[in-house]
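Undergrad: Handing you this structure, nothing more for now.
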Amino acid sequence: MAEVRSIAVIGAGTMGSGIAMNAATSGIDAFQIDVSTEQLDRARAYHRKTFDRGVEKGRMTREDADAAAARIVYDAEMSAAKDADWVVEAASEDIVLKKKIFLQMLEVFGDDVVLATNTSSISITDIAAEVEDQAYRVIGMHFFNPVPVMKLVEVIRGLATSDETVQRTIALAERMGKTPVPANDRAGFVSNRVLMPMINEAFYAWMEGVSEPEHIDEIMKLGCNFPMGPLRLADFIGLDVCRDIMMVLFRELGREKYFPCPLLRQLVAAGHLGNKTGRGVFDYSK
């Protein structure tokens, strides 16, 4: 298998910017692509801040931080990354958008480039169907937030994904310092199929007056040894992202327990999305 020297990351949000940074610190050139120049600016600022913090805390030298930062190229056009050896889509959890991006990826990148998606719940087989006879190149490469810290990468093959594509994905994940673990192509895979019903139930417990949010989280941390309570975690993930994942699970599996709690949907409708907006279940504006 040829070594991956450069990777294109389509989407510069929380996950995409984390993947690009992880690649760069692993010695891989990264193209950070997003149609929004504002989002690219936010990704650049996040990278700079995180590299600086790494130096301050002694996790890396100034030279290593500067070298990693220099490996990241920011551009609004996917064609700027056409010579990349690998591409991973990290856009919003929207099947229509993802299929549109995959058609663009098919046009831009070479025939030997793996077409990966960072989807956290959508069927890999469904996404791959959009590229027809090239479906063997499509795979799920589900990173976890924050990408530079979290070790897990769920590796999900679709019905047409080739063994070579799987082997190459595992090799790249390991090179990026991750632990790749396989999951089958079912809605939510393993992590979110188990996690999202728990988060949803925490919202119901709050809505029905079982306990206040901070107490729900404290009980789950102290009683179940969770490093973070489910409601705080929901804010960290993004309440809109949680809602979208739950809707995928509900549509695909048809079980009521996956339908997002009314209180969760109200918060999203009000624009209270968690960390990224400064307010969600908890208030981060102070």
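Undergrad: In the range 185-236, how many are surrounded by 20 or more Cβ atoms within 10 Å (Cβ to Cβ), polar (S, T, N, Q) and over 19 Å from the mean Cα position of the chain (by Cα)?
TA: The number of residues fulfilling the criteria is 1.
Undergrad: Does Gly54 satisfy the criteria of being surrounded by 13 or more Cβ atoms within 10 Å (Cβ to Cβ), among the small types (Gly, Ala, Ser) and under 19 Å from the mean Cα position of the chain (by Cα)?
TA: Criteria not met by Gly54.
Undergrad: Determine which single condition Lys276 fails, assuming it passes every other condition in (1) charged (D, E, K, R); (2) within 20 Å of the chain's Cα centre (by Cα); (3) modelled with pLDDT of 95 or more.
TA: Lys276 satisfies every listed condition except (3).
Undergrad: So which helices (runs of 4 or more DSSP H) stay within the range 151-233 end to end and still have 3 or more residues that are β-branched (Val, Ile, Thr)?
TA: Numbers: elements: 163-175, 191-207, 213-224.
In the range 151-233, 163-175 are the helices (runs of 4 or more DSSP H) which contain 3 or more residues that are β-branched (Val, Ile, Thr).
The values are calculated or read from the model by the stated rules, or taken from the named source; none is laboratory data. Keep in mind that this is a model prediction, so the values were computed, not measured. A quick note on method: Cβ atoms are made from the backbone with ideal geometry, for glycine too, and the neighbour counts reach across all protein chains shown.
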